[in-house]
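Just below is one structure, and these are the notes that go with it.
Read-outs throughout are calculated quantities, based only on the coordinates presented, and are distinct from any laboratory measurement. Bear in mind that the values here come from a model prediction, so they are computed numbers and not experimental data. Glycine gets a Cβ as well: all are built from the backbone with ideal geometry, and neighbour counts include every protein chain shown.
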């Protein structure tokens, strides 16, 4: 089984890249975000998930092991195959996907072509306890989820205010969670909103 490819990018297409490893060209299907970061003729390292079926062997390539883990994890959800998993990772990189799951942000997940509201809800429901314990922009996913669940208080009100200004639920939650981490749990609503806006403007 192939776990990693290190070579020169020979070709980049709409859904795959060909990586030349000592004269052998390997076709690796990748999320669009991965393809966007590859340059033809330059060296690249791809973490590979090898899928073997009766009628084919296909390689899926990612820039990090964590992204590959997300690809595997997404396919444990009913209705999500390799094609949909790649589409999700093309729309939401791993940290953004972790935020969306922690914040139960179905709308963010449903932005992926081919993922409707029902599948988005199933993804969040089934992965909320399985998602990698990733740190999102330095903020634990658990902290974001705790703020999201809070029925009232300055943090929850700050998230609501940022959402009303047009920011997504998951990014607003991450910004306020980071603000709480810096300013303390007794920070006022005004300070949390100001700090959150500064983070979102970066």
Per-selection metrics, the stretch 4-63 (Cα): Rg and Dmax in Å: 10.7, 34
Calculated FRET value between residue 165 and residue 13, using beta carbons and R₀ = 45 Å, to 0.05: 0.70
Computed log₁₀ I(q)/I(0) - Debye formula, equal Cα scatterers, no solvent, the chain, q 0.10, 0.11, 0.12, 0.17 Å⁻¹: -0.49, -0.58, -0.67, -1.06
Extension gain, residue 40 back to residue 58 (0.36 nm per residue minus Cα-Cα distance, nm): 4.4 nm
Computed label-point distance, nm, for sites residue 118 and residue 76 using a 7 Å Cα→Cβ extension: 2.4 nm
Exposure proxy ranking, count of Cβ atoms within 10 Å, fewest first, for 74, 197: 197, 74
Length gained when the stretch residue 33-residue 157 is fully extended (0.36 nm per residue, less Cα-Cα span): 41.3 nm
Fraction of alpha-carbon pairs over 18 Å apart in the stretch 27-120 - percent: 44 percent
Relative exposure of 8, 198, 106, judged by other C-beta atoms within 10 Å (fewest first): 198, 8, 106
Tilt relative to the chain, helix 189-200 - C-alpha long axis, 0 to 90 degrees, to 10: 20 degrees
On Cα atoms only, tilt of 154-164 relative to the major axis of the chain in degrees: 60 degrees
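Going by how many other beta carbons lie within 10 Å of each one, how would you line up 47, 62, fewest first?
Working: 47 20, 62 24.
Ordered by Cβ neighbours within 10 Å, fewest first: 47, 62.
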